[in-house]
1. Somewhere in segment 34-44, is a residue in contact with a helix residue (DSSP H, G or I) (Cβ under 8 Å, 6 or more places away or on another chain), open to solvent by 80 Å² or more (accessible area, probe 1.4 Å) and among the acidic types (Asp, Glu)?
2. Need the failing condition index for residue 17 against (1) open to solvent by less than 50 Å² (accessible area, probe 1.4 Å); (2) in contact with an Asp or Glu (Cβ under 9 Å, 6 or more places away or on another chain), just the number.
3. Kindly evaluate residue 23 against the criterion of being touching a residue at least 40 places away in the same chain (Cβ under 8 Å), open to solvent by less than 40 Å² (accessible area, probe 1.4 Å) and not acidic (Asp, Glu).
Amino acid sequence: MQIIEKEGPKRLKRSVKDTMIAGICGGLADYFDIDSTLVRLAFAFTVLFAGTGILAYLIMWIIVPKEDY
């Protein structure tokens, strides 16, 4: 008989391994299972064109917990 462990729901966490400033983009990339470079480019575009990227990044830095090692 094989025991199957069920994982809980996927949670958004700041990345410890894939980090440049606070790990927000790395954490979002892990959550959505995409490359972190794409998330970083998206944040760069929102900063340059809309100006809301900085505010969103700071809010997420405060709210999103760091992942466990």
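The values are calculated or read from the model by the stated rules, or taken from the named source; none is laboratory data. All values reported here derive from a predicted model rather than from experimental measurement. Every residue, glycine as well, gets a Cβ built from its backbone with ideal geometry; the counts of neighbours run over all protein chains shown. The accessibility values were calculated without ligands, DNA or RNA, using every heavy atom of the protein model including side chains. Shrake-Rupley method; radii C 1.70, N 1.55, O 1.52, S 1.80 Å.
1. Yes - at least one qualifying residue is present in segment 34-44.
2. Only one criterion is unmet by residue 17, namely (1).
3. Yes: the conditions hold for residue 23.
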